[in-house]
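Student: Handing you a structure now.
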Amino acid sequence: MKQGFPTVTRGQRIGLFGGSFDPAHEGHVRLTEEALKRLGLDRVWWLITPGNPLKSRQPAPMQERIAFAHRLMDDPRVIVTGLEERLKTRTTVETIAALQLIYPQARFTWLMGSDNLVQFSQWERWQEIAERVPIGVVARPGTRLPARLSKAARIMAPYRLPENQAERLGSATPPAWVMVNMPMTNASSTAIRAARLARDRTE
């Protein structure tokens, strides 16, 4: 085990929730809580990324984002990490492959909001991600229908679990995925940044 990396017990079911978290917000918390409650997971790791290759705007400094996420997310089952920076991986598929090599005893599940499923087919080697780990999709405002009709959802349709069997996901053999609904929230990092900028201009 690499020094400073989270400890994992054999067979532990871990949800991986990646993103810039710039900043982390209540929507991230609710998605995480819903995943823990409904997808048969023991833990969730927040993977705070150095940057997102699909976004032109790059995020705030890593340590600033990690510190804020720690203050916001206080569930002991959730670990806030900067593992991608430490692993020096560039893409999601590289990160998953590296973690599976380090933690062969763990069962990882990739977590995303339904807004990410809409563009999932644009991710590098996205089909390899689906072959490596189960995928848990949590519905977000305005993207339930586009997510269901997305290219990735159509290609992965044979491997979709019904929502009433979502608790099987954490132990499922990939490819496997499920989309679960939750009470909606309009919280977003973009809205929070805009509110901060507006507040700063008036101070």
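Student: From (1) outside any helix (DSSP H, G or I); (2) closer than 20 Å to GLY19 by Cβ; (3) of a type outside the set (Lys, Arg); (4) modelled with pLDDT of 95 or more, pick out the condition that doesn't hold for PRO174.
Tutor: PRO174 satisfies all of (1) outside any helix (DSSP H, G or I); (2) closer than 20 Å to GLY19 by Cβ; (3) of a type outside the set (Lys, Arg); (4) modelled with pLDDT of 95 or more except (2).
Student: Additional query: Of all residues in segment 74-83, count the ones that are surrounded by 17 or more Cβ atoms within 10 Å (Cβ to Cβ) and in a loop (DSSP other than H, G, I, E, B).
Tutor: Adding up the residues that qualify gives 1.
Student: Look through segment 93-112, keep the residues that are in contact (Cβ under 8 Å) with a residue 24 or more places away in the chain and in contact with a helix residue (DSSP H, G or I) (Cβ under 6 Å, 6 or more places away or on another chain), and return whichever of them is farthest from VAL29 (Cα to Cα).
Tutor: Once the filter is applied, the top-ranked residue is VAL93.
Residues are listed down the side, and each one gets a yes or a no for (1) within 15 Å of the chain's Cα centre (by Cα); (2) in a loop (DSSP other than H, G, I, E, B):
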| site | (1), (2) |
| --- | --- |
| PHE17 | yes, no |
| PHE21 | yes, yes |
| GLY27 | yes, no |
| ARG30 | yes, no |
| TRP45 | yes, no |
| GLY51 | yes, yes |
| GLN63 | no, no |
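Student: Which of the residues spanning segment 133-154 are under 12 Å from VAL178 (Cα atoms) and touching a Gly at 6+ places or on another chain (Cβ under 8 Å)?
Tutor: Matches in segment 133-154: PRO134, GLY136, VAL137, VAL138, ALA139.
Student: Any residue at all in segment 93-103 that is surrounded by 18 or more Cβ atoms within 10 Å (Cβ to Cβ), within 16 Å of the chain's Cα centre (by Cα), modelled with pLDDT of 95 or more and more than 26 Å from ASP22 (Cα to Cα)?
Tutor: No; the residues of segment 93-103 include none that is surrounded by 18 or more Cβ atoms within 10 Å (Cβ to Cβ), within 16 Å of the chain's Cα centre (by Cα), modelled with pLDDT of 95 or more and more than 26 Å from ASP22 (Cα to Cα).
Student: Could you please give the count of residues in segment 124-164 that are in contact (Cβ under 8 Å) with a residue 40 or more places away in the chain and aromatic (Phe, Trp, Tyr)?
Tutor: 0
Student: Would you confirm, using the coordinates I've provided, whether ARG86 is free of Cβ contacts under 8 Å to residues at least 40 places away in the same chain, basic (Lys, Arg) and assigned to a helix (DSSP H, G or I)?
Tutor: No, not satisfied.
Student: Are there helices (runs of 4 or more DSSP H) fully within segment 97-164 with at least 2 residues that are under 30 Å from LEU87 (Cα atoms)? List them.
Tutor: Passing ranges, in order: 114-118, 126-132, 151-155.
Student: Which of (1) surrounded by fewer than 18 Cβ atoms within 10 Å (Cβ to Cβ); (2) modelled with pLDDT of 95 or more is the odd one out, the single condition LEU39 does not satisfy?
Tutor: Just one mismatch for LEU39, condition (1).
Student: Would you say VAL80 is at pLDDT 95 or above and either farther than 23 Å from THR7 by Cα or not hydroxyl-bearing (Ser, Thr, Tyr) (or both)?
Tutor: It is true that VAL80 is at pLDDT 95 or above and either farther than 23 Å from THR7 by Cα or not hydroxyl-bearing (Ser, Thr, Tyr) (or both).
The values are calculated or read from the model by the stated rules, or taken from the named source; none is laboratory data. Quick caveat: nothing in here was measured; it's all calculated off a predicted structure. Glycine gets a Cβ as well: all are built from the backbone with ideal geometry, and neighbour counts include every protein chain shown.
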